[in-house]
1. Roughly how many whole Å is it from the C-alpha centroid of region A:1-52 to that of region B:214-247?
2. Ranked highest first by average number of other Cβ atoms within 10 Å, how do B:33-42, B:228-237 line up?
3. Could you pull out every residue, at least 5 positions away or on a different chain, whose amide H is within less than 5 Å of the one on B:Asp64? Hs are placed 1.01 Å off N in the peptide plane, and Pro or chain starts have none.
4. Can you list residues whose amide H is under 5 Å from B:His97's amide H, if they're 5+ apart or on another chain and H is modeled 1.01 Å from N?
5. Within the set of other residues whose C-beta is less than 11 Å from the C-beta of B:Gly123, count the net charge using Lys and Arg as +1 and Asp and Glu as -1.
6. What value, in deg cm²/dmol to 500, does the helix sum -39500 (n - 2.57) over DSSP H runs of n ≥ 4 give at 222 nm once divided by the residues of chain A?
7. How many partner chain Cβ atoms sit within 10 Å of a residue's Cβ in peptide A:85-93, on average, as a whole number?
8. What ³J(HN,Hα) values, in whole Hz, does the Karplus curve 6.51 cos²θ - 1.76 cosθ + 1.60 give for region A:11-19 when θ = phi - 60°, with x put for Gly and Pro?
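Every number in this text was worked out from the coordinates using simple rules, so none of it is lab data. Every value quoted in this text rests on a predicted model; they were computed, and no experiment measured them. A quick note on method: Cβ atoms are made from the backbone with ideal geometry, for glycine too, and the neighbour counts reach across all protein chains shown.
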Amino acid sequence: MPGTLCILGLGPARPEHMTVEARDVLRQAEAESWHVYGLAHARGMARRVCPELAVKSLDYLYTLQGVDRPAAYADLAKMMWRKAYEEDRKVLYLVAGSPLFYNDAVLFIRRLSAQSGQSIRLVHGMSFVDLVLDRVHWTGHDGLQLYSAWNVAFDGVRLNAQAPTLLCQLGEFTAGGDALDPDGSRKMLAPLRDALATHFPPEHPVTIVYSSGAPDYDSLSTRIPLSTLAERTVPVYSNLFVPGLVSPNEGEEAP
Amino acid sequence: MIVDFFAPPHLHGRLRPTLQHRLDVAIDASDWPEAADTLAALIDTWPVAGTVETAWARWTAEADPLALSILSRAREIMTLVGVAPQALPLPAPLPPHQTCKGDALVAARAALCAQAADGALSGVLFESPVPETAAARLALGELRMEAPAQLAVERYGVPGLLAPDAPAWEQTFGAAPPGRPGPTLGIRCDFATLPGTPAQLRNGDPSPVGWLLWTGPAEPVPVAAPVIRFLGALHEGLQAANQAAGLDLERGREVVDELIRLGALGAA
C-alpha cells in the first residue's frame, strides 16, 4: 500500500479552535493506526480529541547538543518523508497552530513535494494571527508587516514605520529559537526596544498580546509605551503589535 | 550476591567504611571526579540497601522496571569498590534486538528505525560509542523515538530490553513521605555530615553538608550542616537541640516543621 504524509495544523491551543477536518483526520489516524508524530504541545492537543491516539515524541529534536535548529528541522522533514514515501507508511505530522506560519520543517517538506511531484496532504489550522487580531482593532487599510521579533531585534530588518507591524515570537532569546523560559525574554526585549526606537518615538503605544495559558488559553493584551518594553518579562509565545505612524489608532487595543 | 553485599553486616562492616576511606583519599589527593563518584555511591548505599532485596525479588519474578534501576545502581557501587558484580538474570525471553557498532549507526539509521516502527526491534546494543556528530545524534534521537527499549538498553544493557520503562537512577525515588506531627517526635532517617554534595565535589569545592538518609525508597536530601547538629541533640530535648544548632526557639520550631515535612521527623 502506498504511503501518505499528512501535515495537520491543530490550531493555537483550544480544542474548539481545531477544524472539523483536523478532528476527522485524528480519528482516522487512530482507527487506522497511522504513524503519528508531534512535539509536546501538539501531543497534548491531539490527546484532548483522541485520548487513545499514540503519538511519538519529537521533543528530542530540542535537546540534541551540537545540532542547530535548521539542521534539526531539515532532518525532521527528511525523516517524515522517508517514513511515508520510502517505507510506504501512513504518516501524520502534528503541528500546533497553522502549518504555514514559521515552520521550517513543513516548508522543507513542501519543497520536497514540489521537487519530487509527490503530493502531500496539508490540513490547515487556525494561526496565532487570529488570536492577536482578536486583541487589537485593525482594518487592514494600512497593511500589516509580519516579522519575527528576532529579525527586528538582531537581524537589522528595517520596518516601514508608516504601516502597522506584527512581531511574533516575542521573547525568543537565542538564535536557536529558545523561548521556553520567560525570564530570558528581556535579553531580546531591550535590543528590540532599541531597534524600534529608531522608527518610533518613546511614547509610541505598542500592544503585547499573549495567552492566559491552560486550560482556557484566552487572548490577553497589555498596551504600553515603547520605552517601557524591556521593563518586564513576557510570557512564552507572546506577540507585539506596533501601530504605524500614519494611523496610530489602526491597531488600538481592543477592550 | 548483590543482596548480601548490601545486607547490614557487610554494609556497615565493609562497604561504607571502604567508601568513606576512598572518599577521604580522593579529597586529600584533590581527585574531584573520584571524590564526587564515591560520595554519590556512599549516599546511595542508603536507598539501595533499603530496597535491594525487594528489587531482586521483583526483577527475577516480573522484570520490574524500578527494580532494574535499583539493581543496576547496586552493581555500579560494587564495581566502584572493585567487586565484580554478578550479571542480572534475564527472567523472560528477550524481545527482538540487534547489535551495531556506534559508528555504523548513521548508515543503518533508516533500516533500524523502520524495523522499530514495525514493532520488529525493541532496541539496539551498541558495541562501541556512538560518535558525537550531528548526524549520529539525530540518528540516535530517531532510534530512541521508534525503539521502545532503546533508552533502557543504553542505560542498563541487555536487561533493559525487558524493562523499557526503567527510569534513570536519579528519577527512581521520590521524596520520603511527610511525618505526622505529635507531642513526641521520633527521628525517621539516618543523618550525617559529609564533605559536600557530589556536584560540589566535582567542582573541587568541598564544604560540610548535612544529609538526611532513609534506608528505603526515598531520595536522600541535603540540608544545612546545623540541622544535623540539631538532630544529633534532639534526644536530649528541643532546647538542647536548638542550642546545639545555634537556633532560637522560633527558628527551632520552624526547623522541626520542615523536618516533619521532609519526613525526617514524625510522631513517635
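1. Taking the Cα centre of each part, region A:1-52 and region B:214-247 sit 53 Å apart.
2. Numbers: B:33-42: 21.8, B:228-237: 17.6.
Sorting B:33-42, B:228-237 by mean packing, highest first, produces B:33-42, B:228-237.
3. Under 5 Å from the amide H of B:Asp64 lie the amide H atoms of B:Trp59, each far enough along the sequence or on another chain.
4. So B:His97 has HN proximity to B:Ser122.
5. Details: positive: B:Arg144, B:Arg155; negative: B:Glu146, B:Glu154.
Here the charged neighbours net out to 0.
6. Working: 7 runs with 71 residues, N = 255.
When only DSSP H runs of four or more count, the value is -8000 deg cm²/dmol.
7. Values: counts 0, 2, 6, 0, 3, 0, 1, 0, 0.
Mean partner shielding for this stretch: 1.
8. x, x, 5, 6, x, 5, 8, 7, 6
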